[in-house]
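> Take a look at this one; I'll ask things after.
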């Protein structure tokens, strides 16, 4: 009998060691998966255009609280920095959303659909208000104009917005922000065209 129990012990020892090894590896594997799963957090989504415009409007008013005294304001379509005679759906909706955000900050906004509202003199590079804007400003008693440009990068669209005094093109407030270049933004940029 002792010989049999010795033989049995000898046969079961490697089996027990294998079981312990398998159990240990399984425990480590589960612990590793749990640790990996515990640290996975969803990345916060990038802010969208309305959120960015709201923050930009708040920044403009915070840096110059008197900006709202230059109401009413009219809004020009934002244009491509690469071709100032071109815009897109992004430029048109960007200007609308920015005007709404400024309205929520106390700026009175006049609804005027404009064409050819601004251009840059290529050789000089300075902002010129066209006769159309000056005429529309006078017609609607607008004391300021919202203008902006955008540029497409690899991962973001960079937007620069400013409110200028209509009488002399003096910048009353400005803000710059970047919008993630995702499929939604690309589709807004694809529709290039005159404004």
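Each value in this text was obtained by applying a stated rule to the coordinates, not by laboratory testing. These numbers were taken from a predicted model, which means no experiment stands behind them.
> Quick one: Cα centre-to-centre distance for segment 137-192 and segment 58-108, in angstrom?
Their Cα centres are 6 Å away from one another.
> For segment 45-90, what percent of Cα pairs sit more than 17 Å apart?
Working: 575 of 1035 pairs.
Percentage above 17 Å: 56.
> I would also like to ask the following. What full-extension length gain, to one decimal in nm, is calculated for residue 44 and residue 85 as 0.36 nm per residue of separation minus the Cα-Cα distance?
Values: separation 41, 0.36 × 41 = 14.76 nm, distance 3.60 nm.
The residue 44-residue 85 span can extend by a further 11.2 nm.
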